Amino acid sequence: MKPVIFLIILLISSSLYTQSNDSAAINYNFIDSYPQNAGILSGNEIIGYTPLYFMWQDSIFPKTLKVSLKGYSEETFTVQTQEKISRKFILNPLKPGLINDPVKENKQLYFKTPRKLLPIVVSSVITAASGIGSFYFKSLASDNKKEYELSGDPAALDNQKKYDLLGGISIVALQLGFGALMYFLFID
């Protein structure tokens, strides 16, 4: 009993120690931009690309940092002390051809063509029915296998093989039905 209590105390104390020295407690600086992959320069030296987690390599301050990406406006800011930074910059395009928010540009709420309801419903029903059927037939095959192992009845073995085959066919039908459902739902 004493070794068990000792192990529990040891585990609890080691977990408390590791949590206090966790890497998440380190004060990393964070700079991000939209769009991402913008270069971050300290003076003329590039220190990384957004999104960037970093720590100061020296203690010389103030530092002027630039966030720049080709075709977008450059952002500049000055850090006075060795403070923790967490900033996000939204870079504006310099040319009219670049878009400010590529995710929302030309975004539509509806599909280009209306969906045909009948193929979607039929493939959904086939998918659901074959999924239920595959579970049912595999359960029957398992029950017949147990019966054969207990009694040695050859009819139970034949039933197991029959239900395994039907279960396999149902699984194939499930996959085909699901593929058809995805096709009719998402292909324009």
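Which residue out of Tyr136, Tyr163 is over 36 Å from the mean Cα position of the chain (by Cα), assigned by TED's automatic domain parsing to the domain that holds Val121 and under 30 Å from Val122 (Cβ atoms)?
Answer to the selection: Tyr163.
Scan the stretch 153-176 and report the pairs whose first residue is part of a helix (DSSP H, G or I) and whose second residue is basic (Lys, Arg), with Cβ atoms within less than 7 Å and a gap of 6+ or a chain change.
Hits for this filter: Gln160/Lys145; Gly167/Lys138.
Condition (residue is modelled with pLDDT under 90, surrounded by fewer than 12 Cβ atoms within 10 Å (Cβ to Cβ) and over 27 Å from the mean Cα position of the chain (by Cα)) applied to the stretch 99-113: is it met by at least one residue?
Among the residues of the stretch 99-113, at least one is modelled with pLDDT under 90, surrounded by fewer than 12 Cβ atoms within 10 Å (Cβ to Cβ) and over 27 Å from the mean Cα position of the chain (by Cα), which makes the answer yes.
Quick one: Thr78 ticks every box in (1) surrounded by 13 or more Cβ atoms within 10 Å (Cβ to Cβ); (2) modelled with pLDDT of 85 or more except a single one, so which number is it?
Thr78 satisfies all of (1) surrounded by 13 or more Cβ atoms within 10 Å (Cβ to Cβ); (2) modelled with pLDDT of 85 or more except (1).
Which number in (1) modelled with pLDDT under 85; (2) surrounded by 11 or more Cβ atoms within 10 Å (Cβ to Cβ); (3) more than 20 Å from Thr78 (Cβ to Cβ) marks the one condition that Phe6 misses?
(2)
If a residue has to be at pLDDT below 80 and surrounded by 10 or more Cβ atoms within 10 Å (Cβ to Cβ) to count, how many in the stretch 84-98 make the cut?
1
The values are calculated or read from the model by the stated rules, or taken from the named source; none is laboratory data. All figures in this text were calculated on a predicted structure; none of them were measured in a lab. Here Cβ is always computed from backbone atoms with ideal geometry, including for glycine, and neighbour counts include all displayed protein chains.
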